[in-house]
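Below you'll find the structure, written out as structure tokens, and then a few comments.
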Amino acid sequence: MSENAAIDKKKRRGRPKTFEKSRVLELALKAYWEGNPADVSLNAICKLAEVSKPSLYREFGSEDGLTLAALEDYSDSVLTGVGNILDKDCEFSQSLETLVEFVAKDPVFDAGCLYVKMRAARRQFGPLTQARITEIEAVSAARFLGFLQRNSDNGSWKSDIPIKLAARYLNEQVGLALAQRSTHEDVGTIEDMLRIAFKQFEV
């Protein structure tokens, strides 16, 4: 090997890789989602993405900034699916059935729900991520409340159960089903359990 070739090879080996923020976020989101997000270390993310801690800190500010960004991305791309079902102007029982099918069977939840996982371990995350978890909780609660209120107002759903309590129950049943998806519970069993839970809402 010539002297110039050896120098060029050494330069290439020492040249830092370009930090691709979107790629790092994609890999981090996948790692958090497929495992237990509270147990995924920053070192593991850096190794997976082949980036240094300083470069990651420059882009995301902190580990808390990274988990926040991952949760934000997840919320925008996945959690909107549940909201769309609740917001859609459909017959009440059909909306519940669509919700059952989506939560119990959709492949997007084969690894469970990142938000549900993070909510269960919220104290292990930084303040920014904890605050976002709380915000998503509030939005989710409002979505379920609005869904029941709308159907109560138009006569599609009638019950003696207080609407706020019913909305919370519905929300928690969905959260339980998503937690079961993460433990690879039988899909048919999850589906059946949701339908039994939703019988409370039959008119």
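Pairs please, first residue from the stretch 40-56 and farther than 13 Å from residue 25 by Cβ and open to solvent by less than 60 Å² (accessible area, probe 1.4 Å), second anywhere and among the hydroxyl-bearing types (Ser, Thr, Tyr) and in a helix (DSSP H, G or I), Cβ atoms under 6 Å, 6+ apart in sequence or on different chains.
40/32
Looking only at residues in the stretch 62-93 that are of a type in the set (Gly, Ala, Ser) and open to solvent by less than 60 Å² (accessible area, probe 1.4 Å), which one is nearest to residue 199 (Cα to Cα)? If you could, list the steps in order and put the result at the bottom.
We begin by selecting, within the stretch 62-93, every residue of a type in the set (Gly, Ala, Ser); these are 62, 65, 69-70, 75, 77, 81, 83, 93.
Now restrict to residues that are open to solvent by less than 60 Å² (accessible area, probe 1.4 Å): 62, 65, 69-70, 75, 81, 83.
Numbers: 62: 45, 65: 41, 69: 37, 70: 35, 75: 28, 81: 22, 83: 21 Å.
Ranking the candidates gives 83 first.
Regarding residue 100, is this residue buried (at least 17 other Cβ atoms within 10 Å of the Cβ), closer than 20 Å to residue 195 by Cβ, more than 13 Å from the chain's Cα centre (by Cα) and not charged (D, E, K, R)?
Details: buried (at least 17 other Cβ atoms within 10 Å of the Cβ): yes; closer than 20 Å to residue 195 by Cβ: yes; more than 13 Å from the chain's Cα centre (by Cα): yes; not charged (D, E, K, R): yes.
For residue 100, the condition - buried (at least 17 other Cβ atoms within 10 Å of the Cβ), closer than 20 Å to residue 195 by Cβ, more than 13 Å from the chain's Cα centre (by Cα) and not charged (D, E, K, R) - is met.
So which helices (runs of 4 or more DSSP H) stay within the stretch 43-115 end to end and still have 1 or more residues that are over 21 Å from residue 133 (Cβ atoms) and touching a Ser or Thr at 6+ places or on another chain (Cβ under 6 Å)? Write out each step before concluding.
On the way: elements: 53-60, 63-74, 80-87, 92-105.
Where helices (runs of 4 or more DSSP H) fall fully within the stretch 43-115 and carry at least 1 residues being over 21 Å from residue 133 (Cβ atoms) and touching a Ser or Thr at 6+ places or on another chain (Cβ under 6 Å), they are 80-87, 92-105.
Tell me which residues, restricted to the stretch 36-58, are small (Gly, Ala, Ser) and under 22 Å from residue 182 (Cα atoms).
Let us first name the residues in the stretch 36-58 that are small (Gly, Ala, Ser), namely 38, 41, 44, 49, 52, 55.
Result: 38, 41, 44.
Is at least one residue of the stretch 143-162 under 23 Å from residue 73 (Cα atoms) and either of a type in the set (A, V, I, L, M, F, W, C) or open to solvent by 30 Å² or more (accessible area, probe 1.4 Å) (or both)? So that I can check it myself, show each step before the final result.
Within the stretch 143-162, the subset under 23 Å from residue 73 (Cα atoms) is 143-144.
Next, only the ones that are either of a type in the set (A, V, I, L, M, F, W, C) or open to solvent by 30 Å² or more (accessible area, probe 1.4 Å) (or both) stay: 143-144.
Yes, that holds for at least one residue.
The values are calculated or read from the model by the stated rules, or taken from the named source; none is laboratory data. Given the structure is predicted, the values throughout are model-derived calculations rather than measurements. Note that each Cβ is placed from the backbone with ideal geometry, even for glycine, and that neighbours are counted across all protein chains shown. Surface areas here come from the heavy atoms of the whole protein model, side chains and all, with no ligands, DNA or RNA. Shrake-Rupley method; radii C 1.70, N 1.55, O 1.52, S 1.80 Å.
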